[in-house]
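K.L.:
Mind looking over this structure? Questions follow.
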Amino acid sequence: MAGGQTNLIIPPVARGYARYVLVVMVGINFLNYMDRWVASAASPLIQQEFHLSDALVGLLGSAFLLVYAFAALPFGYWADRGVRKTVVAAGVAIWSLATLFTGFARNFAQLFLSRAVLGIGEASYYPAGTSLLSDYFPKEQRGRVMSVWGAGSTLGIAVGFAGGGFIAEKFGWRSAFFFAAVPGLLFALLAFGLREPLRGSAERIGPAVKKTYDASLANFLALLRIPTLRATIGAQTLLYFVLASNAFWLPLVLNRRFNLSVGRAGLLAGVVLVLGGLIGTLAGGWIADRRALKNPAGHLEVGIAGFLGGAVFITIALLAPMNAGPIPVFIPAFLVAVICLYLYSGPFTAVSQNVVSPGLRASAVTLLLFISHVLGDSHSTFDVGFISDRIGSLQIALLITSPTLLILAALVAATGLRAVRRDTEAMEEQWAARSAEPALSR
C-alpha cells in the first residue's frame, strides 16, 4: 500500500446486503422527490396566500433547481474522493431540515431561500448514490438496479403530489411540508450506517481500490471528450426541461382547464405520474439490459424510442377537448406520455456509469446533473410560467415547448449510438491496466 491506496481483487458483495443497500437507497430517493414535489401540489394555496404570479411560482422551482445544479459540483467531487455514505447522510439531513423550514415561511423571500437550501441538500444524493450502487452491482445488472432505484423517485413524486395535495387541502399547505420532512432524519441515520464498498468492486476486470485519485479537475473536464456521455448529457438536458415543466404545472393545468379542486388535481397528477413513472422506469431498465446483451447501444435506443413516443402522446394530451373532462383523452394520453418519457431513467444512468472509470463515476453524474439542470430544468418552470402569463394559457405554453424539445432529445441521443461499444471498451481497458501497476504515491 502506498499513498493511501490499496489494489485488491475481492469477491462480490454479499447479494443480501447489496439488496438491503438498494432498499435503503430507494427509500431515500423516495424522500428526495417527495420533498421536492410537495411544493407543486401545494402551489395553488401558496400562490393564493402570497398573491404570486405564475412566473413567481415557477421561480420557486427554478430556485431549487439552479442551486441544486451548482451544489452538485462540490458534492460530486467529495463523493469521488471521500466516503460516499457520509455524503448521502449529510445531504438527507440538510434537505429534510430545509423542507421543515419551508412550512414556517412567512413571505416569498423565505420560501425562495428554503427551496434553495433544499437544492443544496438534494444535490449530494444522485452523484454519491449512483457511484455507491455501481460498486454493489455489476454492469449486467445496472440498468435494472438503476430503474428500481429510480422507481423510488417516481413513488416520491406521486406521494408528494397526492399526499401533499390532500394534506394541504385538509390541514393547510404548511402541514404538507411538516409531513414530508420528518422521515428524512431517520433515513440519514440509516445511510450513515451503510458499509462503504471498495471502488470498482463490482467490475469483472481490474482491481478494487479503497481510495481513488481520479477526481481531478483535468479528469473531470476530460469526461466531456467521451462521445457517449456527451450524447447522454445533451439528450437528458432537453428531456429535463420537459419533465420538470410538465410535472410541476400538471396540478395547475388540471385545476384550471378542468376545474378540479386542489386536492383532486394533486391526487390525479400523482396517480398519473406514479403509474407512468413506475411502468416506464422499471420497463426501461429491463428492456435495455436485455437489449444491451446483443447491442451495447441498447440503453440509448430505449431512451430514444421513449422520447419520440412521449412527443406524440404529450401532444395528444395537451390538445384534448376541455368539455369532455380529463378522463376520456387527457389522462390516458398523458399517462402513456409519462411511461414513454421515463423509459430513459435506468438505461441512461447505467450507460453513464458503464463508459466511465469507477473513480470518476460520481463526477460523471455530477457533470450530467450540472449541465442538465443549469441548461435544462432549472429555468423550465419559470419559462413556461412566463409564456403562460404572456399568452394566457398554461396548456399552450407546454404545447409550444414539450414536443419540439423531445424530438431534439432523440436526435441528440442518436449521436452516441455508434460510440457506446468503443467507449465502454476503452473504460474497461483503462481500469484493467491498474491491476498491472503498483499503487502510486501522490
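K.L.:
Between 281, 315, which is part of a helix (DSSP H, G or I), polar (S, T, N, Q) and surrounded by fewer than 19 Cβ atoms within 10 Å (Cβ to Cβ)? Before you say what the answer is, go through the steps one by one.
P.N.:
Working: 281 fails: surrounded by fewer than 19 Cβ atoms within 10 Å (Cβ to Cβ).
Exactly one residue qualifies, and that residue is 315.
K.L.:
Under 8 Å between Cβ atoms, which residue pairs at least 6 apart in sequence (or on different chains) link something in the range 169-181 that is in contact (Cβ under 8 Å) with a residue 12 or more places away in the chain and surrounded by fewer than 24 Cβ atoms within 10 Å (Cβ to Cβ) with a partner that is in a helix (DSSP H, G or I) and hydroxyl-bearing (Ser, Thr, Tyr)?
P.N.:
Here the result reads 181/96; 181/99, each pair linking the range 169-181 to a residue that is in a helix (DSSP H, G or I) and hydroxyl-bearing (Ser, Thr, Tyr).
K.L.:
Given (1) among the charged types (D, E, K, R); (2) over 18 Å from residue 29 (Cα atoms); (3) surrounded by 24 or more Cβ atoms within 10 Å (Cβ to Cβ), identify the lone condition not met by residue 81.
P.N.:
Of the numbered conditions (1) among the charged types (D, E, K, R); (2) over 18 Å from residue 29 (Cα atoms); (3) surrounded by 24 or more Cβ atoms within 10 Å (Cβ to Cβ), the odd one out for residue 81 is (3).
K.L.:
A follow-up question, please. What are the residues in the range 239-255 that are in contact with an Asp or Glu (Cβ under 6 Å, 6 or more places away or on another chain) and closer than 15 Å to residue 55 by Cα, if any?
P.N.:
Result: 244, single match.
K.L.:
Does residue 62 satisfy being at pLDDT below 90 and within 18 Å of the chain's Cα centre (by Cα)? Give the derivation first.
P.N.:
Working: at pLDDT below 90: yes; within 18 Å of the chain's Cα centre (by Cα): yes.
Yes; evaluated as a whole, the condition is true for this residue.
K.L.:
Which residues, taken from the range 72-101, are part of a loop (DSSP other than H, G, I, E, B) and of a type in the set (A, V, I, L, M, F, W, C)?
P.N.:
Selection gives 83 alone.
K.L.:
Could you list all residues from the range 83-116 that are among the hydrophobic types (A, V, I, L, M, F, W, C) and over 30 Å from residue 133 (Cα atoms)?
P.N.:
Once the filter is applied, which keeps residues that are among the hydrophobic types (A, V, I, L, M, F, W, C) and over 30 Å from residue 133 (Cα atoms), the range 83-116 yields 101, 104, 105, 108, 109, 111, 112, 113.
K.L.:
Kindly list, by first and then second residue, each pair from a residue in the range 380-391 that is free of Cβ contacts under 8 Å to residues at least 12 places away in the same chain and over 13 Å from residue 240 (Cα atoms) to a residue that is buried (at least 18 other Cβ atoms within 10 Å of the Cβ) and small (Gly, Ala, Ser), limited to pairs with Cβ atoms under 7 Å and residues at least 6 apart or on different chains.
P.N.:
391/397
K.L.:
A further question follows. Tell me, yes or no, whether the range 428-441 has at least one residue that is outside any helix (DSSP H, G or I), among the acidic types (Asp, Glu) and modelled with pLDDT under 90.
P.N.:
Checked the range 428-441: at least one residue is outside any helix (DSSP H, G or I), among the acidic types (Asp, Glu) and modelled with pLDDT under 90.
K.L.:
Residues that are within 30 Å of residue 51 (Cβ to Cβ): find the helices (runs of 4 or more DSSP H) completely inside the range 102-171 holding 2 or more of those.
P.N.:
Correct list: 108-122, 142-171.
The values are calculated or read from the model by the stated rules, or taken from the named source; none is laboratory data. From a predicted model like this one, the values you see are computed outputs, not experimental measurements. Note: ideal-geometry Cβ built from the backbone for every residue, glycine included; neighbour counts use all protein chains shown.
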